[in-house]
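Below: the structure, in structure tokens.
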Amino acid sequence: MTVQSESAVGSVSVPSLPAKPSMLARITDKLVSPFFAILLVAYWEFHVRYFEVDALLLPPPSKILVSLWHGLASGLFLEHLGITIYRALSGFLIAMFMGIALGALISQFKFIEKTVYPWVVALQTVPKIAIAPLILVWCGYGSLSKIVTATLVAFFPILVNTIIGLRSCEQGKLDLMRSLKAGRWLTFRMVQLPNALPFIFAGLSVAVVFSILGALVGEFVGSKDGIGFLILDANYQLNIPRVFALLIMLAAYGITCHVLLRYAHRKLVFWNDQHNVTSA
Amino acid sequence: MQKALSLHDTTPAIELSGVSKVFATASGEPVHALNYTNLTIGAGEFITVVGASGCGKTTLLRLVAGLERSSSGTIRINGAPQVGPSEQAGIVFQDATLLPWRTVMQNVLLPVQVLKLDARKYGERARALLETVGLKDFTNKYPHELSGGMRQRVAITRALVHDPAMLLMDEPFGALDAMTRDQMNLELLDIWAATRKTVVLITHSITESVFLADRVIVMSPRPGRVVEEIVIDLPRPRTLEMINKEEFGKYVRHIRGLLGAGAHARNGATP
């Protein structure tokens, strides 16, 4: 049996590139984003100083950095950041397990879809932030109310994406399993779940950001610690540079989560690296 | 062994008698995908089914595979009434339907895993099969690293790995370019010659249907039905040169005529 023609197609040799971008072009390409960022921050500094903008409205970046340094050096920021991360991350993890599990149940069992799903949809339309005060009443002043808020906010993107992902399985793959008389669980484990992974990851990366939002809202509503508490506190004292410094820390945490998730996504869903599913 | 052989000789591998399939559409209007079809396929026969899209040829295959229940009539596989999917059928779908998160070898071994067969024994069989289709060096590659033809080879290997009695193929080479397609047809005939499985292959290519088959089933749409069964009396092994022979051309022209007439009648009937 001869297969040379096909094999040749399979093992693609590196084609000669039409025009190799020059070293300079590649370096410029790499540097354009950081350069723009630096330019923006520099202009911000310049504008605030030159036009003497009130520091209460917009502090210069230098002042924010100093405030950030003080906060970090005193250990105050890290202590409260740790508390907020604990709340956001707990909420995220609970939302992840619940969202994937409930999504799986809804997609697999008509009965659960008919009974539970309408309530889920109804609950989803309620702005979760609006019930944060209620949750404070129910769950108390401590960490629990913040974790519950974070869970609620992070839960829906995971749930919805899990359901969409599990339902998006091609009929051919399901037919294949059916032709082998595979049971429901085996089909779910071997085909539907891996098939849904790109969607689930899209949901997770939205949810991880939402979980920070949830924890923060919980802290705004009523708390004696956490970054949300510090932000409110600094705001009352009109310590605007500190507010900005705290925002930078939250952003840093958010970006870290995002990068870690993207890394996990690439490793786990290696087969559709090129065209990832993205969701709002 | 002797008994099994004699059984094969007398009992048809696949037997459809009066099989119809009616689908309900969203508008409530029934669609007769397949209308009162009788068909007998002997063990080891290579059957191709050709027809325009919508003629019920895929429905026919899915009924034989047990993926679809017939609305009326009976289907017998090796003499026994068919009650659903069976490990006696290996199916190759239109696109390869490989699982992208599994390597070539893991994809091929999927039926072994699902049917809980002896992993070591069938692992060796999978290796041997992959070698015959020229994919020995690709066992640890993932589907996205393969060409279309290679993927379909993996799909065929997967359909054969658990040694089913029949191979059901739904336009397996429809998405491939002409040259790869010729190559795949030759390889399929080699595999068939070596294994003597009962093969039912759906295609919309008249040339392909004649080239491969012992018998071509020509189907016509609305309602889907068998128009004619044509025994292809061409010597084996088949070669690509045969396609240019007068005899081959006769078969192709005849089938084209049948399909053309069907299309004509249909156009006339539509208001």
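Values quoted throughout were computed directly from the atomic coordinates according to the rules given, and no laboratory measurement underlies them. If you're wondering where the values come from, they're calculated on a predicted model, not measured in any experiment. All Cβ positions, glycine included, derive from the backbone under ideal geometry; neighbour counts span all protein chains shown.
What order, most packed first, do the peptides A:144-151, A:123-130 have when packing is the mean number of other Cβ atoms within 10 Å of each residue?
Details: A:144-151: 26.4, A:123-130: 12.5.
Descending packing order for the listed peptides: A:144-151, A:123-130.
Take every residue in peptide B:73-85, count the Cβ atoms of other chains within 10 Å of its Cβ, and give the average of those counts. Before the final figure, lay out the partial values.
Working: counts 0, 0, 0, 0, 0, 0, 0, 0, 0, 0, 0, 3, 7.
So the per-residue partner count for this stretch is 1.
Using every Cα-Cα pair within the protein assembly as shown, state what percent have a distance larger than 30 Å.
Summing the P(r) of the protein assembly as shown above 30 Å gives 64 percent of all pairs.
Kindly rank A:131-141, B:241-251, B:182-192 from highest to lowest mean number of other beta carbons found within 10 Å of each residue.
B:182-192, A:131-141, B:241-251
What lysines could a cross-link reach from A:Lys110, if we take a straight Cα to Cα line under 24 Å and drop same-chain neighbours fewer than 8 places away?
Output for A:Lys110: A:Lys173, A:Lys181.
Top mean-square fluctuation among A:Leu238, A:Leu180, A:Leu166, Gaussian network model of chain A, C-alpha springs under 10 Å?
A:Leu180
Just report the Cα centroid separation between segment B:176-227 and segment A:56-86, whole Å.
72 Å
Under 8 Å for C-alpha pairs, at least 6 residues apart: give me the relative contact order for chain B, rounded to a whole percent.
Relative contact order of chain B: 25 percent.
Report, in order of residue number, the helices in chain A meeting two criteria: a C-alpha extent of 27 Å or more along the helix axis, and a mean Kyte-Doolittle hydropathy of at least 1.0; treat each whole DSSP H run as one helix.
Numbers: long enough: A:23-50 (38 Å, 0.81); A:76-108 (48 Å, 1.47); A:143-167 (36 Å, 1.50); A:193-221 (40 Å, 1.88); A:240-268 (42 Å, 1.03).
In chain A, the long hydrophobic H runs are A:76-108, A:143-167, A:193-221, A:240-268.
Within a 10 angstrom radius of each residue's Cβ in B:184-195, how many Cβ atoms of other chains show up on average? Whole number is fine.
On the way: counts 2, 0, 2, 4, 0, 0, 1, 1, 0, 0, 0, 0.
Across the residues of B:184-195, the mean count of other-chain Cβ atoms within 10 Å is 1.
Would you tell me the mean number of C-beta atoms belonging to other protein chains that fall within 10 Å of each C-beta in A:165-173, as a whole number?
Other-chain Cβ atoms within 10 Å of each residue's Cβ, averaged: 2.
State the Cα centre-to-centre distance between segment B:24-59 and segment A:161-201 in whole Å.
27 Å
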